[in-house]
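K.L.:
Encoded as structure tokens, here's the structure I'll be asking about.
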């Protein structure tokens, strides 16, 4: 079981960002599934129960907060750790997300895809969320 | 028919009636064939009453007459009277001769400047009358042809005195009247002008007494309330509108009392915590909301009736309210535009940086050294762009008053150590010596938002690394127990900052001239943001520099022992344990 590749659900509407993250995460040995909007994100989370979910906030159909509420409101998916993919200037949203049950957040503008991968590696290795991903 | 003409007619009629009565009276009294005694008495009373009325009339009405009118009418009245007396008595020597003084008196009362002329004219008329009695063949007969000289002299003296006295009186009245009219006119013009200024002002002007009653409200204010000025004046302002202090996003903080708020309170309202404060005017009758600035001055002159001494001690104030609703909207749109633009730019920049880093990781070996250099430069530029956008967003949030702190108890030495470690490589790359000695003394935890303060430290240290060509950078941390602050200093051996630039260093978009040419890529925002962040922490930031020798930036943060600050952060909801 230890060596089973972890499955990541990436919910992100921007093609380039999505592509970059998929490349880097796959290079790091993860199985990455993608959803291009909030609605698809909820459906895929329900269908596949990934090990971790990376969730963009500003998305068509359903925004990240709505997705997070549904995920955390459903017994089947509420155990999935969710990391928000955020931008600067969204402190209010991040605080709200933590209240709903987000595990951490990743500042897209500050991090290169390899930094994101590094944080996720560290999360799976230690089982803990790096402290800097917890500050809102 | 105009009023002036009507007045003149009335005067003529009055004079005619008066002369008629006098004439009848004299006829009855002085006729050689006496009529019934009783009618004589009644008529005498009538004559005296009318005479008294006339005196009063001329005393108080005549001042309004022109001099020519006065002279003409007086000569006319005098002549007719003397002739009547002479004709019916056959003499000016009758027992009722004293009555001749009545018209003389009246005439004198009516006199203007030419008092003496009139008296002389009267004398001439008298003489002519006498001539008529003594020498003309058809005279009615003379009972006593001898007129005593002394009687005439007394009469002339009397007339002269009364004429002089009255002409002076009339003259004074006339000039007083004119002065009064002039003064009234001046006051009216002044009032009109002041009123015009007040009414044509775009700003709303209000004057209040200490009980919140409105003494004056200009047109602009009436328009805002959609009711007439008359309906506003005298009312308590609480019944018409409220004024509330608002924060930067327009939420009302508290209602203020216009009669007690001081100018200082109005001006001191911009705070770092809530952003620029404005005032919101809320009308109660038509439910309008305006954002306004206030200018308040105390009344030094009482506007109420000046004759009531009590009102003089009750001062009020004048309040000028300027509608800035539109300006605020524009300002907000501007800020929103910057922040929106930066937001929109971020996603593509993130992609650019992502792909560049992927390219650098995966394609380095297959590229020529020159191509690799291109890639490095593109990467550097993309990083700069990211910094610039982050800075623009920070500035926009600072100006919106939306820059929030997340204050925690923080191990300062540990935090600084981490930050130094992160930047140590860059200093080494540039051949600089980086000195960081954790202080030996025990330093209490500090009250900071670690992320924000790290930004400040990184910014100052990066600047030091970028601008120092050779030498060293020294970081020191010092605890000052007296003030319960920790001061952190970053000294470099760089080129230093020219004296004239030192004062502007923390201003937005300020760049030290000449630096740009050296190829550095600052945004001119870093130090401005740093200053704002440190001030949000109630700390200070300052710089000392000797041109050509180096620069030291220092900033202070408070320790957890500053309980007052801790409480303040808690109240602002910025402190989380």
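The values are calculated or read from the model by the stated rules, or taken from the named source; none is laboratory data. Please read these numbers as outputs of a predicted model, since none were measured by experiment. Counting neighbours? That spans all protein chains shown, and the Cβs are built from the backbone with ideal geometry, glycine included.
K.L.:
Go through region A:23-47 residue by residue and tally those that are in a helix (DSSP H, G or I) and within 20 Å of residue A:60 (Cα to Cα).
P.N.:
Qualifying residue count for the region: 9.
K.L.:
Give B:529, B:534 a once-over and let me know the one that is more than 16 Å from residue B:504 (Cα to Cα), buried (at least 21 other Cβ atoms within 10 Å of the Cβ) and touching a residue at least 24 places away in the same chain (Cβ under 8 Å).
P.N.:
B:534
K.L.:
Have a look at B:377, B:426, B:353 and point out the one that is within 30 Å of residue B:508 (Cβ to Cβ) and assigned by TED's automatic domain parsing to the domain that holds residue B:493.
P.N.:
Result of the check over B:377, B:426, B:353: B:426.
K.L.:
A follow-up question, please. If you check every pair at least six apart or on different chains, which have Cβ atoms under 8 Å apart with a residue in region B:349-362 that is without any contact (Cβ under 8 Å) to a residue 40 or more places away in the chain first and a residue that is outside any helix (DSSP H, G or I) second?
P.N.:
So the pair list comes out as B:350/A:108; B:350/A:109; B:351/A:14; B:353/A:112; B:354/A:112; B:357/A:112.
K.L.:
Check residue B:408 against each of (1) in contact with a strand residue (DSSP E or B) (Cβ under 6 Å, 6 or more places away or on another chain); (2) outside any helix (DSSP H, G or I) and name the one condition it does not meet.
P.N.:
(1)
K.L.:
Among the numbered criteria (1) touching a strand residue (DSSP E or B) at 6+ places or on another chain (Cβ under 8 Å); (2) away from chain B (no Cβ under 11 Å), which single criterion is violated by residue A:128?
P.N.:
(1)
K.L.:
Of the residues B:570, B:480, B:549, which is modelled with pLDDT under 85 and either more than 24 Å from residue B:388 (Cα to Cα) or over 43 Å from the mean Cα position of the chain (by Cα) (or both)?
P.N.:
B:570
K.L.:
Also: Looking at region A:6-19, which of its residues are buried (at least 18 other Cβ atoms within 10 Å of the Cβ) and not in a helix (DSSP H, G or I)?
P.N.:
Within region A:6-19, A:8, A:9, A:10, A:11, A:12, A:13, A:14 meet the criteria.
K.L.:
While we're here: Every residue in region B:420-465 that is within 14 Å of another protein chain (Cβ to nearest Cβ) and under 17 Å from residue B:556 (Cβ atoms), please.
P.N.:
Selection gives B:448, B:449, B:450, B:452, B:453, B:454, B:455.
K.L.:
Now, a different point. Can you pull out the residues in region A:23-35 that are out of contact with any helix residue (DSSP H, G or I) (no Cβ under 7 Å at 6 or more places or on another chain) and away from every other protein chain (no Cβ under 14 Å)?
P.N.:
A:29, A:30, A:31
K.L.:
Have a look at A:81, A:50, A:113, A:60 and point out the one that is more than 14 Å from chain B (Cβ to nearest Cβ) and either surrounded by 19 or more Cβ atoms within 10 Å (Cβ to Cβ) or over 26 Å from residue B:406 (Cα atoms) (or both).
P.N.:
Answer to the selection: A:50.
K.L.:
Which of (1) surrounded by 18 or more Cβ atoms within 10 Å (Cβ to Cβ); (2) touching a helix residue (DSSP H, G or I) at 6+ places or on another chain (Cβ under 6 Å); (3) closer than 27 Å to residue A:112 by Cβ is the odd one out, the single condition residue B:460 does not satisfy?
P.N.:
Against the list (1) surrounded by 18 or more Cβ atoms within 10 Å (Cβ to Cβ); (2) touching a helix residue (DSSP H, G or I) at 6+ places or on another chain (Cβ under 6 Å); (3) closer than 27 Å to residue A:112 by Cβ, residue B:460 comes up short only on (2).
K.L.:
Another question, then. Can you find even one residue in region B:433-455 that is assigned by TED's automatic domain parsing to the domain that holds residue B:528, in contact (Cβ under 8 Å) with a residue 60 or more places away in the chain, closer than 19 Å to residue B:543 by Cα and assigned to a helix (DSSP H, G or I)?
P.N.:
There is at least one residue in region B:433-455 that is assigned by TED's automatic domain parsing to the domain that holds residue B:528, in contact (Cβ under 8 Å) with a residue 60 or more places away in the chain, closer than 19 Å to residue B:543 by Cα and assigned to a helix (DSSP H, G or I).
K.L.:
Take region B:527-575 and flag every residue that is in a helix (DSSP H, G or I) and in contact with a helix residue (DSSP H, G or I) (Cβ under 8 Å, 6 or more places away or on another chain).
P.N.:
Hits for region B:527-575 are B:527, B:528, B:529, B:530, B:532, B:533, B:534, B:536.
Yes/no matrix, rows are residues, columns are (1) assigned to a strand (DSSP E or B); (2) more than 14 Å from chain B (Cβ to nearest Cβ); (3) closer than 27 Å to residue B:344 by Cβ; (4) modelled with pLDDT of 85 or more:
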site: A:4; (1), (2), (3), (4): no, yes, no, no
site: A:21; (1), (2), (3), (4): no, no, yes, yes
site: A:94; (1), (2), (3), (4): no, no, yes, no
site: A:118; (1), (2), (3), (4): no, no, no, yes
